[in-house]
1. Just the ratio, please: alpha-carbon radius of gyration of the stretch 1-122 over 2.2 N^0.38 Å, N its number of residues.
2. Enumerate by residue number the trypsin sites (Lys or Arg not before Pro) in the stretch 65-130 meeting two conditions: DSSP loop (anything except H, G, I, E, B), and at most 13 other Cβ atoms within 10 Å of the site's Cβ.
3. Can you pull the one-decimal nm distance between simple spin-label points at Glu13 and Ser80, each 7 Å off the Cα toward Cβ?
4. On average, how much accessible surface per residue is there in the stretch 58-130, in Å², for a 1.4 Å probe, leaving out ligands, DNA and RNA?
5. In whole percent, and with a 1.4 Å probe on the protein chains, what portion of the accessible area of the stretch 1-118 is carbon and sulfur?
6. Would you mind calculating the gained length between Asp23 and Phe40 on full extension (0.36 nm times residue separation, minus the Cα-Cα distance), in nm to one decimal?
Amino acid sequence: NFKKFALDKAKKELNETTSIWFDYEPVKAGRGGKVVTVRFMIDVNPRMKREHVEEVLTQEEQFDRLEQAQSLIEEKLRLSDIRAILEAADYDLSRVETAYLLSRKAAGIENLTGWLIAAIRDGYEAPIRATGQDNPFEQYEQREMDFDALEQMVMES
């Protein structure tokens with residue numbers, strides 16, 4: 001009864017009406033396979049992510065943005081790859097440009113399309129380099145060495 005009237009009902013209502021998506025699975029233990037706990041998986045509702053797109057573009061506008069993205073990316077990518085990148089960015093060229101500029105600084109990218117989509121989806125940002133007193137590796141006293149005297153000392157020994 002708990003599953004039917006509480007868990008299933010809550011799951012259905014939350015998944016349909018809110019920005020929360022959840023699922024659950026019973027965890028069984030013991031000889032008879034008795035349910036001892038319930039494991040919940042909670043995430044952002046994927047339906048709600050799509051509903052937050054503010055502007056609806058015509059096919060002509062989408063094609064224009066496709067051409068702009070193609071001119072922005074120097075590497076040769078298929079149109080289907082560029083379209084996938086734009087769809088991940090909700091056709092926002094500034095997000096595509098930000099991700100592309102980050103990719104230019106990253107090393108070892110084997111699949112540029114996949115990397116750009118992940119960067120857009122996960123909100124990659126440029127690393128902030130700590131300098132001066134913020135960086136503990138730069139907080140040391142620099143030694144003054146007389147290399148000529150050091151060389152002379154090594155040559156004498």
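1. Working: Rg = 21.1 Å, N = 122, 2.2 N^0.38 = 13.7 Å.
Taking the Cα Rg and dividing by 2.2 N^0.38 Å, one obtains 1.55.
2. Listed in order of number, the matching sites are Lys76, Arg78, Arg129.
3. Here the modelled spin labels are 4.4 nm apart.
4. Numbers: 4990 Å² over 73 residues.
Each residue of the stretch 58-130 exposes 68 Å² on average to a 1.4 Å probe.
5. Within the stretch 1-118, the accessible surface is 51 percent carbon and sulfur.
6. Gain in length upon complete extension: 5.5 nm.
The values are calculated or read from the model by the stated rules, or taken from the named source; none is laboratory data. Since this is a predicted model, take the numbers as computed values, not measurements. Here the Cβ is made from the backbone with ideal geometry for all residues, glycine too, and neighbour counts use every protein chain on show. The protein model used for the area step is the full one, side chains on, heavy atoms only, and it has no ligands, DNA or RNA in it. Shrake-Rupley method; radii C 1.70, N 1.55, O 1.52, S 1.80 Å.
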